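Contents: one structure, followed by commentary.
Every number here is computed from the coordinates shown, using simple stated rules; none is lab data. Predicted model, so just to flag it, every value in this text is computed and none were measured. Cβ: placed from backbone, ideal geometry, glycine included. Neighbour counts: every protein chain shown.
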Ligand code: EPZ
């Protein structure tokens, strides 16, 4: 097995166990990343609850410490942040380049200090991921923006930002959140048209309002921000992670199991629920839980990924795994990112029959997968490969699982609690041990 910089960077999975039982969902990673950045916009202490303990948020919190922010982890899921001692607005922290959300520091620092210098974002290689709309928003507010030495440098002329009417050319979560942050202490009123409506956009707006900002309309495509003098401290609990919940819904469906997924907001899952019901699953909604059951081979369907409330692009690989085992011909069209079918090569090695033409995958359902040695290409594709391993005949080994741990807390632990035979391993000997041990019980 390939050496890795991360220890135990592989999953061994023996498929064939229908998942049964209950699982609790953690805080939303993509809300947490925006909220961690926004937390430094006040000089008072912010307490954030339901913080997911995943690689991306931990890298972001380490970056905060590197620029002088006081970060005190009260417990695994509660963090106190105080940004009053931020020494500079120029972030040199090396590993911040590895995550996409580094760009939120531009909006937060520009909004508070009227200037910012941050490394250009990294993140999953699922597409080009430009930040032209972020720059458009900052410039509209009166900042000069330039890219130099791999950093993006934004600076408000005469140290003030002014409210503006901004029409985003594309629906973009990142730019919507960044402009909301940059404008919440600008002078006057800002309107963001064609805004993203994702639950995590609403969560960042609600967080900022709990700090004294004046943001209305988040969750619709027009957000109105009235600039305030300053922001104060708060205690805020992050919403449940829509995509972690959707991933466990798909795990229950693809293994023909019966799982109660707790700590969710069912409304955020409606497009996923609708598709699972359409292909033959049973989904029951409760106040803060959904129960997913499936006791047969799923049917074919068509999926097109769209901004919220459409089917989420972050659920596209997971849906691809289910549909490649469904009867008939299904199609998936990925309309958000240009390179989000990298999981197809990996599940093809397990027996899938998929043809990708441009941004559409034509999926001819097969009756089974067989276990193989595969590699996680990125965060959500990696999670999809785990689902494939859960149903494949025999043992599947997945490399580079650190990419999956960017966005899933205790993924293997939670799956084992539902009966899955999955183990983090660090070498071939461990795989052999796992294979022998699980052969006896399967
Ligand atoms: C956020 O990425 C999420 N990441 C992604 O989740 C998610 O897939 C995406 O939103 C869409 O929901 C975080 O929140 C950290 P976008 P983001 O700006 O903000 C184009 C995961 O798995 N665009 O909404 O980068 C862009 O190319 C990750 O958790 C521009 O053209 O996504 C894309 O086609 C993966 N110009 C589309 O908009 C810009 O300035 C949507 O991108 C910005 C974006």
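Side notes on the structure shown:
- Dimensions in Å of the range 31-237 - Rg and Dmax from alpha carbons: 15.2, 42
- Computed label-point distance, nm, for sites residue 295 and residue 84 using a 7 Å Cα→Cβ extension: 6.1
- For the chain, average projected area of the Cα convex hull in nm²: 19.5
- Sequence of 146, 291, 73, 3 once ranked by neighbouring C-beta atoms within 10 Å, starting from the fewest: 3, 146, 73, 291
- Taking every DSSP bridge with both residues inside the range 31-237, close to 75 percent are antiparallel.
- Residues 216, 97 arranged by fewest to most Cβ contacts within 10 Å: 216, 97
- Considering only beta bridges that DSSP places wholly inside the chain, some 70 percent are antiparallel.
- Contour excess over end-to-end distance, with Cα ends at residue 44 and residue 74 and 0.36 nm allotted per residue: 9.1 nm
- Between residue 267 and residue 286, the contour length at 0.36 nm per residue exceeds the alpha carbon distance by 5.8 nm.
- Per-residue Cβ neighbour counts within 10 Å put 374, 277 in the sequence 277, 374, beginning with the fewest.
- The length gained on full extension between residue 432 and residue 228, counted as 0.36 nm times the residue separation minus their Cα-Cα distance, comes to 67.3 nm.
- Each of residue 147 and residue 189 was given a label point 7 Å from its Cα along the Cα-to-Cβ line. The distance between the two points is 3.5 nm.
- For a modelled paramagnetic label at residue 216, 7 Å from Cα along Cα-to-Cβ, the residues of the range 125-167 in reach, with backbone nitrogen under 18 Å, are 163-166.
- Taking packing as the residue-averaged number of other Cβ atoms within 10 angstrom, the listed peptides 379-385, 255-261 run from highest to lowest as 379-385, 255-261.
- Ranked by the mean number of other Cβ atoms within 10 Å of their residues, highest first, the peptides 397-406, 298-307 come out as 397-406, 298-307.
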